[in-house]
Amino acid sequence: MMTFREQLLQLIAEAQKIHREEKSLTMRSLKVIGELELRRAAPSCGMSVEKFARHIALTKDQYLKRSAASRTLRFIPEAKPLLEAGEISLSHLALISAKITRANRKVVLENIKGKSLREAKLFISRVTPDGELLPQEEICELKLTLTKPQFALFERAREVLAAAGSVPTDAEIFMKAVVDLLTKRDPMRKAERAAARHGHRDDDLRSRNNAIENTVENNSAAETPPKEGPTIAATRQQQNTAGRYIPAAVRHQVWLRDQGQCMHMHPDGSRCQERMMIELDHIDLYCRGGEHSASNLQLKCRLHNHFAAAAALGNEWYRQRLEFVNSVRDS
Ligand SMILES: [Zn+2]
């Protein structure tokens, strides 16, 4: 009959033996998968990566991780003893495979060994291809909860982005979507792009705004056609035919001039800080003949635009409400 201590020692010895074997098997698996990858095994067998992975008794994720790790090992053989010694893991090697270069491989290896995967991820996000280290940025964490169909869309986005070469992280997918959205929808960016297209800088833009406004005013009095170029002619034409539609050129001018922020001034002379739900407000009310010119338009938040309009139209309730809002914001 074995004592408890003898049983324990035997189990420990068994665990050591199995895990040494496991490690040696993993190293062999990496070597074979590396060779398979060099021969582009999956397509050569006419199989998808997923099918091929199953064919050699791995999951797709296991296969992708090991082939990425084997690429890293081929590129930095110094990593092999670290892997064998357990100072870095397969996941570490897979993580760095897309970012590693001749110039940064030493500094990367030095800085990820012995580190958690999370720390390694942070480091690899800061190192440049030249091996320089970017200053650490402040990190904000965002937790997303998605339904299955929404998650499927997210994964589809990953596939689409992966077509560019490497598989993007969640943060990369998210930021690409945000940047695309802002490029397409941010009125401030649209205005800046429009200004850049017309080849004038901010200073020029200001004097140009004045020129356009003067022209528009002059033209309402005189019959002479505008001389300042096609933009103004087009603007006036659109204005005449499109009713409530404010021409893009005018919209852009106002957004740039007011820098995307509500122009309402509180009684203490400070400006409303609102940058959400920003609307174009006619200083001279549109319904009373105010025109769509930059000089007659300003940015207002929904609150100030709506209340101001209602108050101006004689709605006593809104007038009182506006007074109340102002007094609250002052205090
Ligand atoms: Zn406001």
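Restricting Leu95, Leu133 to those that are in contact with a strand residue (DSSP E or B) (Cβ under 7 Å, 6 or more places away or on another chain) and touching a residue at least 12 places away in the same chain (Cβ under 8 Å) reduces the list to Leu133.
The C-beta contact set for region 303-315 (first residue under 12 Å from Asp281 (Cα atoms), second residue part of a helix (DSSP H, G or I) and within 10 Å of the ligand (Cβ to nearest atom), distance under 7 angstrom, 6+ apart or interchain) comprises Leu303/Val325; Phe307/Val325. When region 289-311 is filtered for residues that are more than 20 Å from His252 (Cα to Cα) and out of contact with any helix residue (DSSP H, G or I) (no Cβ under 9 Å at 6 or more places or on another chain), only Gly289 remains. Using the structure shown, decide if Gln259 is near the ligand (Cβ under 9 Å from one of its atoms), within 36 Å of the chain's Cα centre (by Cα) and loosely packed, with under 14 Cβ neighbours inside 10 Å. It is false that Gln259 is near the ligand (Cβ under 9 Å from one of its atoms), within 36 Å of the chain's Cα centre (by Cα) and loosely packed, with under 14 Cβ neighbours inside 10 Å. When you scan region 21-43, do you find a residue that is more than 38 Å from the chain's Cα centre (by Cα), surrounded by 11 or more Cβ atoms within 10 Å (Cβ to Cβ) and not in a helix (DSSP H, G or I), even just one? No, region 21-43 has no match at all. With respect to the conditions (1) touching a Phe, Trp or Tyr at 6+ places or on another chain (Cβ under 9 Å); (2) outside the structural domain of Lys51 (by TED's automatic domain parsing); (3) buried (at least 17 other Cβ atoms within 10 Å of the Cβ), Ile100 lacks only one, and its number is (2). The set of residues in region 285-318 being of a type in the set (Phe, Trp, Tyr) and either outside the structural domain of Met265 (by TED's automatic domain parsing) or more than 14 Å from the ligand (Cβ to nearest atom) (or both) consists of Tyr286, Trp317, Tyr318.
Of all the numbered requirements in (1) part of a helix (DSSP H, G or I); (2) under 32 Å from the mean Cα position of the chain (by Cα), Thr101 misses one, and that requirement is (1). The set of residues in region 37-66 that are of a type in the set (A, V, I, L, M, F, W, C) and either in contact with a helix residue (DSSP H, G or I) (Cβ under 8 Å, 6 or more places away or on another chain) or at pLDDT 95 or above (or both) comprises Ala41, Ala42, Cys45, Met47, Val49, Phe52, Ala53, Ile56, Ala57, Leu58, Leu64.
Residue by residue, here is whether (1) in contact with a Ser or Thr (Cβ under 9 Å, 6 or more places away or on another chain); (2) modelled with pLDDT of 85 or more; (3) surrounded by fewer than 13 Cβ atoms within 10 Å (Cβ to Cβ) holds:
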| position | (1), (2), (3) |
| --- | --- |
| Met263 | no, yes, no |
| Gly269 | no, yes, yes |
| Glu274 | no, yes, no |
| Cys287 | no, no, yes |
| Ser293 | yes, yes, no |
| Asn296 | no, yes, no |
| Lys300 | no, yes, no |
| His306 | no, no, no |
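Taken together, Ile124, Ile88 contain a single residue that is crowded, with 16+ Cβ neighbours inside 10 Å and part of a loop (DSSP other than H, G, I, E, B), which is Ile88.
The values are calculated or read from the model by the stated rules, or taken from the named source; none is laboratory data. Quick caveat, the model's predicted, so the values are computed rather than measured. Cβ atoms come from the backbone with ideal geometry, glycine included; neighbour counts cover every protein chain shown.
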